[in-house]
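Notes follow once the structure below has been shown.
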There are 6 protein chains.
Amino acid sequence: MSEDHAHHDIDNTPRNVVELVINIDDTTPELLASLQDKLMTQGALDVWTTPINMKAGRPAVMLSVLAAPEDQDQLAETILRESGAFGLRHRAWDRTTLERSFTQLDSPLGPFTAKVGHLHGKPIAAKPEWRDIYQLAQQHNLPLTAVQNELAAIVHQHLKQLQDRAEGRTS
Amino acid sequence: MSEDHAHHDIDNTPRNVVELVINIDDTTPELLASLQDKLMTQGALDVWTTPINMKAGRPAVMLSVLAAPEDQDQLAETILRESGAFGLRHRAWDRTTLERSFTQLDSPLGPFTAKVGHLHGKPIAAKPEWRDIYQLAQQHNLPLTAVQNELAAIVHQHLKQLQDRAEGRTS
Amino acid sequence: MSEDHAHHDIDNTPRNVVELVINIDDTTPELLASLQDKLMTQGALDVWTTPINMKAGRPAVMLSVLAAPEDQDQLAETILRESGAFGLRHRAWDRTTLERSFTQLDSPLGPFTAKVGHLHGKPIAAKPEWRDIYQLAQQHNLPLTAVQNELAAIVHQHLKQLQDRAEGRTS
Amino acid sequence: MSEDHAHHDIDNTPRNVVELVINIDDTTPELLASLQDKLMTQGALDVWTTPINMKAGRPAVMLSVLAAPEDQDQLAETILRESGAFGLRHRAWDRTTLERSFTQLDSPLGPFTAKVGHLHGKPIAAKPEWRDIYQLAQQHNLPLTAVQNELAAIVHQHLKQLQDRAEGRTS
Amino acid sequence: MSEDHAHHDIDNTPRNVVELVINIDDTTPELLASLQDKLMTQGALDVWTTPINMKAGRPAVMLSVLAAPEDQDQLAETILRESGAFGLRHRAWDRTTLERSFTQLDSPLGPFTAKVGHLHGKPIAAKPEWRDIYQLAQQHNLPLTAVQNELAAIVHQHLKQLQDRAEGRTS
Amino acid sequence: MSEDHAHHDIDNTPRNVVELVINIDDTTPELLASLQDKLMTQGALDVWTTPINMKAGRPAVMLSVLAAPEDQDQLAETILRESGAFGLRHRAWDRTTLERSFTQLDSPLGPFTAKVGHLHGKPIAAKPEWRDIYQLAQQHNLPLTAVQNELAAIVHQHLKQLQDRAEGRTS
């Protein structure tokens, strides 16, 4: 296992985010999917749709966006201009996040990035980035599930090492 | 409890039905809801939508119709003309149904229709028709849940009487 | 294209609305659909259901209502009386809405209403009212999708005219 | 009908609760179901999942937890440790609840618990506890729907008696 | 309006297709989305997911694939290798499809492709290809909904011309 | 790693199964969840629910059961008796399954069962049984995600050994 080159994102404090939501029964799934992509490229923290039943039996969609407060106005305007919706609702949330570090690890398939999460200063979670699993699977013509399991095993070992170090143990 | 005026619908045999299905990502919930209503008025046995995820992340809808085989062509044409879908798929199902009888019962709120289901010649299920629950609730300005429970209690008593008769017992 | 008879609804400011929600696993879809209708007739701004998984694997429903704050108490009481739910939760939202105008337009199929949305004083969205699409389709025995496209084309032309006027151009 | 031994839970006042939410696209349904169970045993008021579409077309899950404010920190920690999620969002709700009483009632199948809900001091809702319906169905080898209807009829009768008493009428 | 350069895809006859399905509760949304993309690139006619509740309260996913019969084996093998699923089910469907033609049309924003559907030899449906709507919106920095409406209006006009020709009328 | 004690379930051939389905809008999630459990204990191969929109805007449920053909009649009768549904539909599927073997493996947390899947005689998939992940997490008071990753890493190693043996390599 290689040395970790951890970059700490000092992001342990609760943050305010805003959620912007529309219930929409008069546009198409094609448009909504493209709008979801567009909002992500514009810096939304997360964008998702939920199937809902609106009045008159309409099998509709709720589009939700999480954003940093400073991005609220631009994203709201995008939603209103792009979708044809006549209004949207919004409110604030508090967030509790793990502190994140990213590290590059080696594998028999090549190097890849793992994301590690820290709570109260201790590492508690780690996962290989999906984008790297996907790329290595393509590159080596291997099944997604096999590559996912291969990299997850390496990341799991790495996490245990970090946890041992944090506890003052050697592995 | 009043005497039941049962009408037997001799419909105990398995029947073939057909299911017509489209996956649709390029029309609106408004249109799909109206199409669902239209297909019911044209004699579809049942019409429902299911939320699905189509390619490109599209939050789409699957529209399904159950129909008697002799209605398949007309309903297929309606779906294609009304929705703009470019194709539909269909296949047969076998059905196992309870034999149904309908009976009018009295209640403190007025008369209503109950549907009774028979399996192997024995009554096993009964329910008040929702349309009557709704109407009586409107008429008497009572909560839906109260009227539903009132009529369900009466129907339950009626079913037990039918079951006792079938078993040769008096209530 | 006819002259538009626009009525301006001076409603461009963010408004507070309240959302009332119940998670319900002990009543029927029949009742929930009727309750949804009832809440709309009582003045709810919007009512929708969302499929959820509650404890013990229950395939349940979340019922949500958006309402003006002054309607909160009455709608909350309706929900509790009608559904048998033992509690509901509620909170406020801010809303950002387009300013709406309604206008009657002509079409080869007859007159119909279009809704136009304005942002920062400029018209940015317009759509034919679904109720008119549906009625004209019925009246002329035409497919829903054909009538929708016919009226949408006319509304689109109308919107471009409004936008040209707003920009000081003639069409 | 037996005498009711009602225990009043003086809980008619609106309460604050908190909602904790994660959107999760990188763990399995197996794990999420076990986590849902675990959070309930740790005192969450309610835990549910909602199907959502996240970015990149991911058919994901939103996990939501309702909790008393004093339980927020422990449940948040459980979610972060158990699921591998890197963050969660939370906010407060107000609640309006019925005052609850529990009473034991007799039935031909044995005793069972009914829950009664009171609004403004009047009984407005009542239902048999599902756990008892299930147990009696098992015990007597009867269909769930039959036992549910049997007990619901008895509870309905009991509620009417309570309502008559509250109105000063004898049944 | 330009002349149409129609290419007829003689595809009016019902066709058999196969549907391959897995219910999966032990892999992640990340993997399923990538698998959905992969199956489309391998020639599946359609791939979609449906949210389902599996045993033990698992908020799971059903993955469905429509394929030409000759592609069944390869796609089945991909599903089993990539997802870790231990089995899949499959069966045949009949299909009724519109005959399709593709034509290039002009617009103020540039040329784009429209798809036209024919039933019993008559043109009944037409839509602009989403990919072109999206591209022109990007290119001109216009809202998706505006470009969609612009192109749909042109396509609608084109369809009416085709229908008039088919009926022997001049527009 | 310990020696594997593999039991081969010679089950590589496609099998017929039947699917039984009801669309149900007049019973409760409580009852449907209990029915789902009951059908699994009666030997159904799989039971799941899907959220659907039925007529009149009803937010309903589709209950589906996969069964061996010889179990069809008993499970159909259970569904009809327990749910109050008035009919069900059914049809056959073909299945393509991996050949399964079960093996006990060691881990730092204790022994556990892994399931291995074979396609064309080669091992291609392996996973720890969820029941064992859950039990070991409880027993050691460890997070579910940590135990899942620990056991998955061991199973992944075991699978690679099996694959090497199959290819004639030593690890």
Please give the strands (runs of 3 or more DSSP E) falling wholly within region C:6-96 in which 1 or more residues are more than 7 Å from every other protein chain (Cβ to nearest Cβ). C:7-9, C:15-24, C:58-67
Considering residues that are surrounded by 24 or more Cβ atoms within 10 Å (Cβ to Cβ) and among the basic types (Lys, Arg), the number found within region A:45-57 is 0
Could you please find all residues in region F:12-45 being in contact with a Ser or Thr (Cβ under 8 Å, 6 or more places away or on another chain) and under 23 Å from E:Leu88 (Cα atoms)? F:Asn12, F:Pro14, F:Arg15, F:Glu19, F:Leu20, F:Val21, F:Ile22, F:Gln36, F:Leu39, F:Gln42
Residue by residue through region D:58-81, note down the ones that are of a type outside the set (A, V, I, L, M, F, W, C) and surrounded by fewer than 24 Cβ atoms within 10 Å (Cβ to Cβ). D:Ser64, D:Pro69, D:Glu70, D:Asp71, D:Gln72, D:Asp73, D:Gln74, D:Glu77, D:Thr78, D:Arg81
For the list (1) closer than 17 Å to D:Ala152 by Cβ; (2) at pLDDT below 95, I need the number of the one condition that B:His120 fails. (1)
Regarding region F:94-102, can at least one residue be identified that is closer than 28 Å to B:Thr49 by Cβ and surrounded by fewer than 22 Cβ atoms within 10 Å (Cβ to Cβ)? yes
Here is a check on your reading of the model: is C:Gly117 of a type outside the set (A, V, I, L, M, F, W, C) and surrounded by fewer than 19 Cβ atoms within 10 Å (Cβ to Cβ)? no
Any idea which of A:Ala126, A:Ala44, A:Ala76 is within 30 Å of E:Ala146 (Cβ to Cβ) and out of contact with any Asp or Glu (no Cβ under 9 Å at 6 or more places or on another chain)? A:Ala76
Regarding region F:9-16, can at least one residue be identified that is at pLDDT 95 or above and aliphatic (A, V, I, L, M)? no
Hits in region E:147-168 (condition: acidic (Asp, Glu) and more than 10 Å from every other protein chain (Cβ to nearest Cβ)): E:Asp164, E:Glu167
Only one of C:Leu151, C:Leu142 is crowded, with 20+ Cβ neighbours inside 10 Å and free of Cβ contacts under 8 Å to residues at least 60 places away in the same chain; which? C:Leu151
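A quick yes/no check of all residues on (1) more than 14 Å from the chain's Cα centre (by Cα); (2) under 30 Å from F:Ala166 (Cβ atoms); (3) modelled with pLDDT of 95 or more:
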position: F:Val61; (1), (2), (3): yes, no, yes
position: F:Gly84; (1), (2), (3): yes, no, no
position: F:Gln104; (1), (2), (3): yes, yes, yes
position: F:Ile124; (1), (2), (3): yes, yes, no
Hey, any hits in region A:114-135 for a residue that's out of contact with any strand residue (DSSP E or B) (no Cβ under 7 Å at 6 or more places or on another chain) and basic (Lys, Arg)? yes
Given the condition buried (at least 20 other Cβ atoms within 10 Å of the Cβ), touching a Lys or Arg at 6+ places or on another chain (Cβ under 7 Å), within 13 Å of chain A (Cβ to nearest Cβ) and among the β-branched types (Val, Ile, Thr), answer yes or no: does some residue in region F:121-138 qualify? yes
Working only within region D:98-125, note down all residues that are closer than 25 Å to C:Gly57 by Cβ and not basic (Lys, Arg). D:Phe102, D:Leu109, D:Phe112, D:Thr113, D:Ala114, D:Gly117, D:Ala125
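The values are calculated or read from the model by the stated rules, or taken from the named source; none is laboratory data. What you see is a predicted model; the values in this text were computed from it and never measured. Note: ideal-geometry Cβ built from the backbone for every residue, glycine included; neighbour counts use all protein chains shown.
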